[in-house]
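Structure record follows, encoded as structure tokens.
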Amino acid sequence: MDPSRISIRPFKLSDIDDYMVWASDEKMIKYSKMKAPSSQEDALRYLKEVVIPHPWCRSICLDDRSIGLIIMYPGSNEFICQGEVGYTLASEHWGQGIATLALKMALSSVFVAFPHMERLQALCNSDNIASQRVLQKAGFTKEGILRKYIVIQGKTMDSPVYSFLSTDSIPSSV
């Protein structure tokens, strides 16, 4: 995969058709907290009311077509020094280094956008080995496992915890 074809950018309403494709991807949903949109109208409402106004939600794009998302939830109050990142990618694009590259792109800008943030953490489904590899290749450090921490698609799962600090270096290779 030519890295110049990959970008992250804010969502646009014109992403709706691409969003409908990957947000309804059953393989992707298996590992996600997301639910497939029930209709294009619901998806459009979600983009308008949740995704676009979010302080840091980006579309992962291949040739400027949306194929996934990466989102950062900034902390507040006593947790202002931290944030949490999540990402999802259409299954047809798995295994090509796209998620790793998108995460590295996010790391290069998120600490600038939120200068008070010192720590970015990520949680994932313990069965999602590929997502754990994405985090490792992007320079995240595994800190432990939260047992019976999250319900994904009706199943209570353990969740590995990874972190990346503002002082950490982003690896140069995918």
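The values are calculated or read from the model by the stated rules, or taken from the named source; none is laboratory data. All values derive from a computational prediction rather than experimental measurement. So basically every Cβ, Gly included, is an ideal-geometry build from the backbone, and we count neighbours across all protein chains shown.
Considering the stretch 130-151, and only residues there that are closer than 23 Å to residue 3 by Cα and surrounded by fewer than 17 Cβ atoms within 10 Å (Cβ to Cβ), the residue that is modelled with the lowest pLDDT turns out to be 130. The set of residues in the stretch 76-85 that are under 17 Å from residue 53 (Cα atoms) and surrounded by fewer than 22 Cβ atoms within 10 Å (Cβ to Cβ) is empty. Against the list (1) over 17 Å from residue 103 (Cα atoms); (2) of a type in the set (D, E, K, R); (3) not in a helix (DSSP H, G or I), the condition residue 15 fails is (3). Within the stretch 60-101, the set of residues being small (Gly, Ala, Ser), under 13 Å from the mean Cα position of the chain (by Cα) and under 16 Å from residue 132 (Cβ atoms) comprises 86, 99.
The set of residues from the stretch 135-161 being in contact with a Gly (Cβ under 9 Å, 6 or more places away or on another chain) and of a type in the set (Val, Ile, Thr) comprises just one member, 161. Restricting the stretch 1-55 to residues that are in contact with a helix residue (DSSP H, G or I) (Cβ under 8 Å, 6 or more places away or on another chain) and of a type in the set (Gly, Ala, Ser), the residue that is surrounded by the fewest Cβ atoms within 10 Å (Cβ to Cβ) is 36. Examine the stretch 14-22 for a residue that is at pLDDT 90 or above, farther than 28 Å from residue 75 by Cα, out of contact with any Ser or Thr (no Cβ under 7 Å at 6 or more places or on another chain) and of a type in the set (D, E, K, R), and state whether such a residue exists. Checking the stretch 14-22: at least one residue is at pLDDT 90 or above, farther than 28 Å from residue 75 by Cα, out of contact with any Ser or Thr (no Cβ under 7 Å at 6 or more places or on another chain) and of a type in the set (D, E, K, R). Would you mention how many residues in the stretch 71-88 are farther than 15 Å from residue 113 by Cα and either aromatic (Phe, Trp, Tyr) or touching a helix residue (DSSP H, G or I) at 6+ places or on another chain (Cβ under 9 Å) (or both)? Residues that pass the stated criteria total 3. For the criterion of being over 17 Å from the mean Cα position of the chain (by Cα), exposed (fewer than 14 other Cβ atoms within 10 Å of the Cβ), at pLDDT 95 or above and among the polar types (S, T, N, Q), residue 167 passes.
Within the stretch 1-49, the residues that satisfy the criterion of being under 15 Å from the mean Cα position of the chain (by Cα) and β-branched (Val, Ile, Thr) are 6, 8, 29.
Among the candidates 22, 94, the residue that is of a type in the set (Phe, Trp, Tyr) and touching a Lys or Arg at 6+ places or on another chain (Cβ under 9 Å) is uniquely 94.
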